[in-house]
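Q: Quick one: structure below, then a few questions.
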Amino acid sequence: RSLSKISMFLSKSKKVKLTENQEEKIIEACFDWLIESDKAANAAYSMRALYNFGKKQDWINEELKVLLSRDISNQTPGYCFAVKDILKRLK
């Protein structure tokens with residue numbers, strides 16, 4: 001949970017400049033957490049970090065839309081809120 005939150009803060013930081021390799025590794029980790037994690041907080045922080053990175057790289061937003069459009073009926077209310085918020089921002 002801590003790493004996904006740190007990733008979110010790094011994705012929107014104006015003071016910390018990440019190298020291309022660092023961004024790639026964080027993006028990869030966030031997609032992994034979003035796909036595999038059963039914890040809502042990890043997934044919510046990951047999707048927000050990916051949304052922030054998607055402002056720089058368009059392909060991330062397309063992949064994020066596909067992942068978030070999955071069936072969310074058996075997820076927690078916090079996860080559902082985060083998905084709806086990100087999907088609204090992506091449109």
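Q: Using the structure shown, list the pairs from K55/K84; K15/K91; K17/K84; K56/K91 with a Cα-Cα distance above 26 Å, or answer none. Working shown, then result.
A: Values: K55/K84 18 Å; K15/K91 28 Å; K17/K84 29 Å; K56/K91 16 Å.
Checking Cα-Cα distances, K15/K91; K17/K84 exceed 26 Å.
Q: For the chain, what relative contact order do you get, as a whole percent, if you take Cα pairs closer than 8 Å and at least 6 residues apart? Let's see the in-between values first.
A: Numbers: 79 pairs, mean separation 26.7, N = 91.
Relative contact order here is 29 percent.
Q: For the Cα atoms of the chain, what angle does the longest principal axis make with the long axis of helix 40-54, in degrees from 0 to 90, nearest 10?
A: So the inclination is approximately 50 degrees.
Q: Now a separate question. Quick check: pseudo-label points 7 Å beyond the Cα along Cα→Cβ at K88 and K65, how many nm apart are they?
A: Distance between the two pseudo-spin positions: 1.8 nm.
Q: Can you give the net charge of the other residues whose Cβ lies under 12 Å from the Cβ of N42, counting K and R as +1 and D and E as -1?
A: With Lys, Arg at +1 and Asp, Glu at -1, the neighbours total +1.
Q: Further, regarding this structure: Work out the length of the dipole vector of the chain about its Cα centre, built from +1 on the beta-carbon of each Lys and Arg and -1 on the beta-carbon of each Asp and Glu, and round it to the nearest 20 debye. Intermediate values should be presented prior to the final figure.
A: Numbers: 17 positive and 12 negative charges, 129 e Å.
Roughly 620 debye, rounded to the nearest 20.
Q: Same structure, new question: Beta carbons within 10 angstrom, averaged per residue: use that to sort the peptides 39-46, 56-63, highest first.
A: Details: 39-46: 21.4, 56-63: 12.6.
Packing order, densest peptide first, comes out as 39-46, 56-63.
All of the numbers you see were taken from the coordinates with simple rules; none came from a lab. Computed from a prediction, not measured in an experiment: that's the story for all the values here. Virtual Cβ from ideal backbone geometry, glycine too; neighbours counted across all protein chains shown.
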